[in-house]
Amino acid sequence: MANIEKIHCLIIGSGPAGYTAAIYAARAGLKPVLYQGNEPGGQLMLTTDVENFPGYPAGIGGPQMMADFQAQAERLGAEIRSGFATAVDFAGGKRLVEINGGEKMIEADAIIISTGASAKWLGMESEMRLRDCGGGVSSCAVCDGFFHRGKDVMVVGGGDTAAEDASYLSNICRKVYLVVRRDEMRASYMMQQRVKSKANIEILWNTVPEEVLGNETVTGVRVKNLITQETQDLPISGFFVAIGHTPNTHIFKEYLEMDETGYLITQKGSTHTNLAGVFACGDVQDKTYRQAITAAGTGCMAALDAERYLATKAVLAAH
Ligand code: NDP
């Protein structure tokens, strides 16, 4: 087994939550070490312009914003490392983290988990290509809907997120197609009613997208009706995928309390998990708001909670 490196404050994950935790922890003298994970910068790396994060009056590109977060954390003394937490051992009060499949083992006095959640995608080649080039495929209506104001867009999914995204987009776009693969939606009754009451939302039941059309930007979508097998091309400029997120929590399953969909459970009004010295912030513990600003807010909370925990531990150890 690799030598164990002892660290005061370990942060796992590098989205807005992780970097904000690093900024606060560094300023509090906790000498934080942050591992970036296998998607450095997190979900914002897939966003083009961020216009709703206060402090950027002209907006800012998602990747640039994350580079700024990182630079700020480093300037204040946080150590940012590339690497991926592949396993943990929290048994009996231990806080051991394996990096890169055993290349390194870390023992931390406090751990802040900010591993985020990953949007699920349909997996079509055209969808991935137009997502990666910022061509109008998105998993975040609140982030990217504004770029399609006055235009026609499509939302895929039948859950609360899809219903919420469709409602949100219907206020700024000309028309919203909501593509549902079955003849009913999974979304709550109220959310469904809201969608059905909007004149500019058209629900396409029993329908799936077959291909996103366009070379550099989305120009339309080919959809297929699963009952009739008929296909049609619908011209749109924005394609929003809302088929759920997966929180990145599988390595913690044995030790940390999570809900039925895998989101970590924190004590109300704090970032404490069920284990002392282990804190969670950002999307990994939030399936409701999922915004950069809310993730950053809970990142701040996690660093403050970790600081108090470590201070109490030090006082107890001194007596
Ligand atoms: P869900 O898992 O609830 O819903 C996913 C939807 O996507 C389902 O309708 C599913 O269809 C559909 N889907 C999945 N895979 C595919 C696919 N390959 N092709 C087409 N459609 C697909 O995810 P949500 O993100 O909507 O919600 C997650 C949780 O967050 C839920 O508990 C929800 O209640 C909660 N939430 C609450 C909100 C609120 O209260 N304001 C807002 C947003 C979310 P099918 O039904 O056929 O499986």
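The values are calculated or read from the model by the stated rules, or taken from the named source; none is laboratory data. Computed from a prediction, not measured in an experiment: that's the story for all the values here. All Cβ positions, even for glycine, are placed from backbone atoms using ideal geometry, and neighbour counts span all protein chains on display. What goes into the accessible areas is simple: the full protein's heavy atoms, side chains included, and nothing from ligands, DNA or RNA. Shrake-Rupley method; radii C 1.70, N 1.55, O 1.52, S 1.80 Å.
Values computed for the structure shown
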read-out	value
Top-ranked residue in the stretch 192-234 [being surrounded by 11 or more Cβ atoms within 10 Å (Cβ to Cβ) and hydroxyl-bearing (S, T, Y); ranked as nearest to the ligand (Cβ to nearest atom)]	T207
Residues located in the stretch 130-160, provided they are within 20 Å of the chain's Cα centre (by Cα) and of a type in the set (K, R)	R131
The stretch 121-150, subset more than 10 Å from the ligand (Cβ to nearest atom) and at positive phi, residue least open to solvent (accessible area, probe 1.4 Å)	G136
Residue tally, condition surrounded by 14 or more Cβ atoms within 10 Å (Cβ to Cβ) and closer than 20 Å to L226 by Cβ, over the stretch 167-191	8
Residue list for the stretch 210-232, restricted to those being within 16 Å of H148 (Cα to Cα) and of a type in the set (S, T, N, Q)	T217, T219
Failed criterion for T288 (all others in (1) closer than 19 Å to A17 by Cα; (2) open to solvent by 70 Å² or more (accessible area, probe 1.4 Å); (3) away from the ligand (no atom under 16 Å from the Cβ) hold)	(3)
Options A314, A295, A306, A302; residue that is surrounded by fewer than 22 Cβ atoms within 10 Å (Cβ to Cβ) and either over 17 Å from the mean Cα position of the chain (by Cα) or outside any loop (DSSP other than H, G, I, E, B) (or both)	A314
Any hit, the stretch 151-163, residues being away from the ligand (no atom under 14 Å from the Cβ) and surrounded by fewer than 24 Cβ atoms within 10 Å (Cβ to Cβ)	yes
